[in-house]
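Let me begin by presenting the structure, written as structure tokens, before commenting on it.
The values are calculated or read from the model by the stated rules, or taken from the named source; none is laboratory data. What you see is a predicted model; the values in this text were computed from it and never measured. Don't worry about glycine lacking a Cβ; one is built from the backbone with ideal geometry, like all the others, and counts go over all protein chains shown. Surface areas here come from the heavy atoms of the whole protein model, side chains and all, with no ligands, DNA or RNA. Shrake-Rupley method; radii C 1.70, N 1.55, O 1.52, S 1.80 Å.
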Amino acid sequence: MTIALVFAALLALLLSGMPIFAALGLTATGILLIAEGSIASVGETVFSHLDKGILTTIPLFVFMAQIMIRAKVIDDLYDLAHTLVGHIRGGLGIATVLACTIFAAISGSSVATALSIGASAIPQMKRFGYPERDALGVIAAGGTLGILIPPSGPMILYAVVADASIGGLFLAGIIPGLMMALFFAVFCIVQAGWRQGATAPPFAGWGTVMRAMRRSIWALLAPPVVMGGIYLGIFTASEAAAAGCIYALAIAVLVYRNFGWRQLYEAAQATMRTSLMVLLIIAGAAMFGHAITIIRLPVGVTEWVSHLGLGQLGFIIAVMALIFVLGMFLESIAIILITTPILLPTMIKLGIDPIWYGILLMINLELAMITPPVGMNLFVIKGITEAPLSEVVKGAAPYVAIMLFGLAILIAFPDIATWLPRNSGFGR
Amino acid sequence: MHGDDGKDADGPKITSGVARALLAPARLAGIAGALMLLVILALISWSVGARYFANRPLPWADDLSGMLLVAMVGLGAAEALRRGDHIAIDILSGRAHGGLARLRDAWAAMAVLVFAVVLGWSTYGQIKFAYDFEAYTPGEVEVQSWIPMLPMLLGWALLALAALGQVVEAFWGERDR
């Protein structure tokens, strides 16, 4: 009953159109006033949640991507992918998936990936008669790889809330991310077989491939610099993000030579605002988490699930179904911050590996990006192409099925996610 | 989600003079917030450099970067609100037009105002408590614990002002709907 009331109140406030952070904060304020008659502790709660060095990772990864986008380092990535695979059947779609996969290893954001790669890919796809709906779908879906392939902003958030290893989560995302990219690419080939009339550019020759490789080498080296630093134990996650920023600044200034003080300030402004969007939701979620802990809601959920006797698999399937539905209406950051504190005690009691769950959650959040009515990537693609939203939704629909298939595989074979971190010494 | 409709490059157009005055501090604080990001980057880079090149690790860098992040949040929260960056779910409210849209905007701004006042009041209480009892922060950066909380209090105050500005604009601004 209490659970239903709390979520009904939160949902009503969210649907009323107020910012998510305010809806979380006001729900928490209401709970605390009713349960304790005092809200004196919320300031300290929010401060202690934000006063964490590890959270600097979020703005710093955003900053690295902002620098690379503004210096146009990213533009060369699509050229390379296009030159490499554009000539094969479904090649333009595969090139888009490939470029998204590489950029996902730089940006940490689905929206940034869809936006940046979409801007380069769409003109090429139009030029060679790639069906509009298919093009919209592959960009929307390819963009979602941004949160599964490390570094990933949502993964960092989940790691902070669940007290899981960021390095472990990043490693766990690599194989599922590549698997999902492979599924997307195979679907592009299958889809190309269904249609008639679309042309593909001829193979540009190895000389052109090598020239494209030389141009994009700086972008290609960014993921090894960042991720390699973490896995070799040279950097912590926040230091790796800072190293990524310095690397991006160095190539923007020294190689591309199109980045001055003005661009630096603009990138910092954009980063600060994007990060604030996330950090204020963390503030609201901190209040909400504190309030539901006071009324022992997570404990109640754990006891309730125990009575149901679901077991690991039943619990995971039920939670994934719930998050899939939530993902249609809620933003991914809010989903992580609302559901994780509630579900974590139950997960621990059932012996569920938080890293495995984190990867399942990320795939579900990828789905949330392309499922209407609230799918951020759908809006982004609509924004950059001016295509009707219904076309973007229809284009992305097959990828929803592919991702659900991928999610089912990950549920059935947890080792796909956990093998790499386990064998690299990254535990929980 | 709220899109970019009705916004220019510098955020939504504000027509009320009172609203503009209330939102002006947000813009200034936003500049400082962006610079704070660069300070965080410089601090972490310095820390890495000191560890590997000077063999002198800075054990306090992580704690200090957390405090600076809090300062960035305090300085930037109102600017993000002014620019309309915060995410809201508008699958129902996004369909409102005319007077209903004004009411929706006023409602959203008032919610932020209450949020900021609640946090501002609570943070002030914590600061006063920490000041009176001369409490110190745990960890590597040992300072009186009210000091790192100050930017947060400033942030909630700025957020409240900016939200008030948006309430004024919602009711008295001239906007095409």
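Overall, the accessible surface of the protein assembly as shown at a probe of 1.4 angstrom is composed of carbon and sulfur to the extent of 67 percent.
If I take all pairs of Cα atoms in chain B, what percentage of them are more than 30 Å from each other? That fraction is 32 percent.
Note on A:F405 and A:L220: the extension gain reaches 63.7 nm, defined as 0.36 nm multiplied by sequence separation minus the Cα-Cα distance.
Averaged over peptide A:18-30, the number of partner chain Cβ atoms lying within 10 Å of each residue's Cβ comes to 6. GNM remark for chain A: springs join alpha carbons under 10 Å apart, and the peak mean-square fluctuation among A:A99, A:A408, A:A286 falls on A:A408. Using a simple spin-label model with pseudo-atoms 7 Å out from Cα toward Cβ, B:A24 and A:Q263 lie 3.4 nm apart.
Rolling a 1.4 Å probe over the heavy atoms of the protein chains gives the range A:302-380 an accessible area of 32 Å² per residue.
Convex hull volume of the Cα atoms in the protein assembly as shown, per residue, in Å³?
On the way: hull volume 92.2 nm³, N = 605.
For the protein assembly as shown, the hull spanned by Cα atoms encloses 152 Å³ per residue.
On the basis of the beta-carbon distance and an R0 of 56 Å, A:R195 and B:K128 show a calculated FRET efficiency of 0.20.
Pair-distance distribution of the range B:118-177: all C-alpha pairs, bin width 10 Å, starting at 0; shares per bin in whole percent are 22, 34, 21, 14, 8, 2.
At a probe radius of 1.4 Å, figure out the A/B buried accessible area, summed over both chains, and give it in Å² to the nearest 100.
5000 Å²
Most tightly packed first, judged by the mean number of other beta-carbon atoms within 10 Å of their residues, the peptides A:76-88, A:2-14 read A:76-88, A:2-14. Under a GNM of chain A (C-alpha, springs under 10 Å), which listed residue has the highest mean-square fluctuation: A:E303, A:E239, A:E366? So, out of A:E303, A:E239, A:E366, the one fluctuating most is A:E303.
Taking chain A as a Gaussian network of alpha-carbon nodes connected by springs under 10 Å, the highest mean-square fluctuation of the residues A:A40, A:A114, A:A270 belongs to A:A40. Calculated on the Cα set of the range A:184-265, radius of gyration then Dmax: 18.9, 52 Å.
You can think of it this way: the chain between A:M210 and A:K126 has 27.7 nm of extra reach, that is 0.36 nm per residue less the Cα-Cα gap.
Size check on the range A:355-409: the Cα extents along the three principal axes, sorted descending, read 38, 18, 16 Å.
Once the Cβ-Cβ distance between A:F203 and A:A250 is put in as r, and R0 is 45 Å, what FRET efficiency do you end up with, to the nearest 0.05?
0.85
Based on the alpha-carbon gyration tensor of the range A:277-366 and its eigenvalue square roots a ≥ b ≥ c, which shape applies: rounded if a/c is under 1.5, prolate if not and a/b is larger than b/c, or oblate? Oblate is the answer for the range A:277-366, as a/c is 1.5 or above yet b/c matches or exceeds a/b.
FRET efficiency for the pair A:L313 and A:L11, taken as 1/(1 + (r/R0)^6) with r the Cβ-Cβ distance and R0 = 30 Å, rounds to 0.60. Give A:K52/A:K382; A:K126/A:K394; A:K52/A:K72; A:K72/A:K126; A:K72/A:K382 a once-over and call out the pairs whose C-alpha atoms are over 28 Å from each other. Long pairs (Cα-Cα over 28 Å): A:K52/A:K382; A:K52/A:K72.
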